[in-house]
Amino acid sequence: MIRNRLAAKFLLLFLAACIGAGCTNKPDVPPAEEPFDITIATYFRPDIVIPPKDNEVERAIEAYTHTRLDIQWIPNFAYEEKIGFMIASSRMPKLLKMRMEPTTIAAIRSGLFWEIGPYLPKYKNLAAHTAYFDNIAVEGKLYGVPNFRDMARYAILYRSDWLNALGLEPPANLEDWYRVMKAMRLEDPDGNGLKDTYGMVLGRDYNVMNTPNTPILPPLAIGEGGYNEWGIVDGKFVPDFEAKPYFETMKLFRRLYAEDLINKDFSVYDDSREDFNRLGRSGFISGAALSAKIYQEELSRRFPGAQVDIAPIVGSAGRRVLAEPGNNGFYLIPKKASLPKPSWIKC
């Protein structure tokens, strides 16, 4: 019971640091109190630059929460193995970022992390985001705080300068997609006189949601009326690939492949984003709408005059929304972490 209260009090400090989520309760910290040390383990994509230690944002968070942050950045491809070593050695950080995966759920069920749900109502701004917390609950109980991001953030990103050069509009159905893909492959949209462009370049995970490779097939199928990973038919769950719109979208991809309108090596190709935002040989990509600004900056440095625009997911079924869980992982408090009680936390 004492340990539960101790962990909960530490969590209150952490929740106060969630400024981006709208938490505005600043701790009442006596000036003489030593900053509270917080160790955090989190993952990152290898193509992302890790912020330097003691950067401006980190200092601002430390000043606001009266803490000292020690963030351990671990590449996402090695994260699961590293966390396994931490758990086995009992050398756990105070905050551990995890994804909602079977291994995480198993670790929660085994009792490795503190339950924090009963304390959430103390923070009305955080507690207002009910759906976000529901999506990380395990058997109805809450153990972590989401790394918030938009639930409906997917869009189609495209080279509007290429479409303008070809006199085309963004596709609104599967037949439109075929015409645009064919034109971008055969009609030299970048004007260099070479047949070196594609409407889209596929990576090996082109049909798998929640991967770094910006899948394109599921969003197009959803635009045709397909399921967002799962649908309910006659009271039973049905996977998206069993729906007719998914099958019709697969037929489009088969046609593009047969006519050499998409890359033949897609089954072994690693990262199709490179072709859009760095190599400049792809006209369309799916992904977070906010990525458009980053892609625009990268492309314009390499290809002056390149223009990136955004379109919603639209198909024969009209405008559709591809929903996500609303988090990029969530932070858990391991029971094996050392959690000394700061004297200025009163609750």
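Which far-off residues, 5 or more places away or on another chain, put their amide H under 5 Å from the one on Ile313, with H placed in the peptide plane?
Ile156, Arg320
With every protein chain present, what is the per residue accessible area of the chain (1.4 Å probe, Å²)? Before the final figure, lay out each step's value.
On the way: 18030 Å² over 347 residues.
It amounts to 52 Å² per residue over the chain.
Report the full-extension gain for the segment Glu101 to Gln296: residue separation times 0.36 nm, less the Cα-Cα distance, to one decimal in nm.
Values: separation 195, 0.36 × 195 = 70.20 nm, distance 3.31 nm.
Net length gain for the segment: 66.9 nm.
Suppose only helical runs count, i.e. DSSP H with n ≥ 4. What mean residue ellipticity at 222 nm does that imply for the chain under -39500 (n - 2.57) per run, divided by all residues and rounded to the nearest 500 deg cm²/dmol?
That comes out to -9500 deg cm²/dmol.
Can you give me the % of accessible surface on the chain that is carbon or sulfur? Probe 1.4 Å, all protein chains present, nothing else counted.
54 percent
Seen from all sides and averaged, what is the projected area of the convex hull of the Cα atoms in segment 81-199, in nm²? Can you show the working numbers first?
Values: hull surface 51.0 nm².
Projected over every direction and averaged, the Cα hull of segment 81-199 covers 12.7 nm².
May I ask you to evaluate 6.51 cos²θ - 1.76 cosθ + 1.60, the Karplus curve with θ = phi - 60°, for each residue of segment 221-229 and list the ³J(HN,Hα) values in order in whole Hz, giving x for glycine and proline?
Taking θ as phi minus 60°, the curve returns 5, 5, x, 8, x, x, 8, 8, 6 Hz for segment 221-229.
Post the alpha-carbon centroid distance, segment 34-75 to segment 221-272, in whole angstrom.
40 Å
Which one of Asp190, Asp275, Asp265 has the biggest mean-square fluctuation once the chain is modelled by GNM with Cα springs under 10 Å?
In the Gaussian network model the winner is Asp265.
For segment 28-92, what percent of Cα pairs sit more than 14 Å apart?
66 percent
For Lys336, give me every one of the lysines with a C-alpha distance below 26 angstrom, ignoring sequence neighbours fewer than eight places off in its own chain.
Lys9, Lys53, Lys82, Lys94, Lys97, Lys122, Lys141, Lys346
Under a Cβ-only charge scheme (Lys and Arg +1, Asp and Glu -1), can you give me the dipole magnitude of the chain about the Cα centre, in debye to the nearest 20?
The calculation lands at about 1300 debye.
Name the residues of segment 240-281 whose amide N is less than 20 Å from a point 7 angstrom out from the Cα of Ser160 along the C-beta direction?
What the label zone holds, given the 20 Å backbone N cut-off, is 276-278, 280-281.
Work out from phi, with θ = phi - 60° and the Karplus expression 6.51 cos²θ - 1.76 cosθ + 1.60, the ³J(HN,Hα) of each residue of segment 185-192, listed in order in whole Hz, and give x for Gly and Pro.
Working through the residues one at a time gives 7, 9, 10, 6, x, 8, x, 9 Hz.
Return the FRET efficiency for the residue pair Arg45, Lys236: r is the Cβ-Cβ distance, R0 is 45 Å, and the value is rounded to the nearest 0.05.
0.80
Express the relative contact order of segment 222-347 as a whole percentage, based on alpha carbon pairs under 8 Å and six or more residues apart in sequence. List each step's numbers first, then the result.
Numbers: 89 pairs, mean separation 32.5, N = 126.
Rounded, it is 26 percent for segment 222-347.
Give the cross-link partners of Lys335 among the aspartates and glutamates, using a straight C-alpha distance below 14 Å as the criterion and excluding same-chain residues fewer than 8 apart.
In chain and number order, the partners are Glu115.
The values are calculated or read from the model by the stated rules, or taken from the named source; none is laboratory data. In this text, all values refer to a predicted model and were calculated from it rather than measured experimentally. All Cβ positions, even for glycine, are placed from backbone atoms using ideal geometry, and neighbour counts span all protein chains on display. For the accessible areas, the whole protein counts, side chains as well, though only heavy atoms, and no ligand, DNA or RNA atoms are used. Shrake-Rupley method; radii C 1.70, N 1.55, O 1.52, S 1.80 Å.
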